[in-house]
Amino acid sequence: MAEPAADAPAYGLGDDELAVHPTVYREGAYAGKTVLVSGGAGGIGRATAWLMGRLGARLILAGRSAEKLAAAVEAMRARGLDVDSMTVDIREPESVAGLYGRVAEAGGFDILINSAGGQFPQAAIDFSVKGWNTVVNTNLNGTWHMMQGAARLWRDAGRPGSIVTIVVVTRQGLHGVAHTIAARSGVVGLTQALAVEWAPLDIRVNCIAPGVIETPGWRVYDPNALEAYPKSNPMMRNGTTWEVAEACAYLAGPAAAYVTGEVLNVAGGSQLWGETWTIGKPDYFKG
């Protein structure tokens, strides 16, 4: 993905805002729990880590870039959060197995937030084989590796677990990222299947489907496409990473103890009405 220009506008919530943003949850709500956040160094994953850490959870941030993880850990520790990081390439089963080996040695964990993933806006007809395979391997296969590894660790330890995976809105109106729609739709189906299979293990499996959520990563997107984003849903605004984080805190924890196999839309109603063109709306569809 292209690097943003030096004067590109800033998007999303930074660490200073995430450290103090108001929350509906009580202090200490996640005390005694350990939360593993893949993709925890950026975007929705970083916001979710901030929230869970502020609520008392011990955090393990996982991702490919040791440098980005270190920066996130430094920012969170400066605010008193209990946080460590571990590198992993979720596309590689051996790397995931190594991650879970280290997590087990560190005392295990209770909640997995699958936020790692990636895609790039492009007309599907122009996808290369490499581009398609990279997105599907990351967003579908990588998510599966993380889910299976977590479930095996919990099963072998005889402890319950909760998985929340961040997907994208797949039911309606998201265009220009067909590769991730294919992969994330697979994750939704996988979640529903695993919710049944893993219920006897006391493992809950759910998804959150965000709509247009403003993140720092938006700096590399087409400004013309971004300008239309607030009109992509009935609420006529962009969402925030904090709103998704609070949904994660609900689904992952005891308030949702009787919820599994679900997809919670945090999308301003865009699953019902609206359209999001990540590559800009073609003239053919303009009224």
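Points worth noting:
- Positions within the stretch 139-175 being assigned to a loop (DSSP other than H, G, I, E, B) and at pLDDT 95 or above, in sequence order: G158, R159, P160
- From the options G269, G287, G274, residue that is part of a loop (DSSP other than H, G, I, E, B), farther than 20 Å from V164 by Cβ and without any contact (Cβ under 8 Å) to a residue 24 or more places away in the chain: G287
- In the stretch 3-26, the residues that are modelled with pLDDT of 95 or more and part of a loop (DSSP other than H, G, I, E, B): A19, V20, H21, P22, T23, V24, Y25, R26
- Matching entry among A70, A97, A62, A29 (being part of a helix (DSSP H, G or I), under 19 Å from G161 (Cα atoms) and not polar (S, T, N, Q)): A97
- Some residue of the stretch 101-124 being of a type in the set (A, V, I, L, M), farther than 24 Å from R159 by Cβ and out of contact with any Cys (no Cβ under 9 Å at 6 or more places or on another chain): yes
- Scanning the stretch 222-245 for residues that are closer than 10 Å to G268 by Cβ and of a type in the set (K, R) returns a single hit, R237.
- Going through (1) modelled with pLDDT of 95 or more; (2) assigned to a loop (DSSP other than H, G, I, E, B); (3) surrounded by 15 or more Cβ atoms within 10 Å (Cβ to Cβ); (4) over 20 Å from the mean Cα position of the chain (by Cα) one by one, G107 falls short only on (3).
- The stretch 246-280: number of residues that are of a type in the set (A, V, I, L, M, F, W, C) and under 18 Å from R204 (Cα atoms): 11
- Lone qualifier among V168, V196 - being farther than 27 Å from G108 by Cβ and either touching a helix residue (DSSP H, G or I) at 6+ places or on another chain (Cβ under 7 Å) or not charged (D, E, K, R) (or both): V168
- Within the stretch 246-261, being surrounded by fewer than 17 Cβ atoms within 10 Å (Cβ to Cβ) and part of a loop (DSSP other than H, G, I, E, B) holds for A257, Y258, V259.
- Failed criterion for T165 (all others in (1) buried (at least 20 other Cβ atoms within 10 Å of the Cβ); (2) hydroxyl-bearing (S, T, Y); (3) farther than 15 Å from G43 by Cβ hold): (3)
- Test: residue in the stretch 77-86 that is touching a residue at least 40 places away in the same chain (Cβ under 8 Å), over 18 Å from M146 (Cα atoms) and in a loop (DSSP other than H, G, I, E, B): yes
The values are calculated or read from the model by the stated rules, or taken from the named source; none is laboratory data. Model, not experiment: these values are computed from the prediction. With ideal geometry, Cβ positions are generated from the backbone for all residues, glycine too; neighbour counts draw on all protein chains shown.
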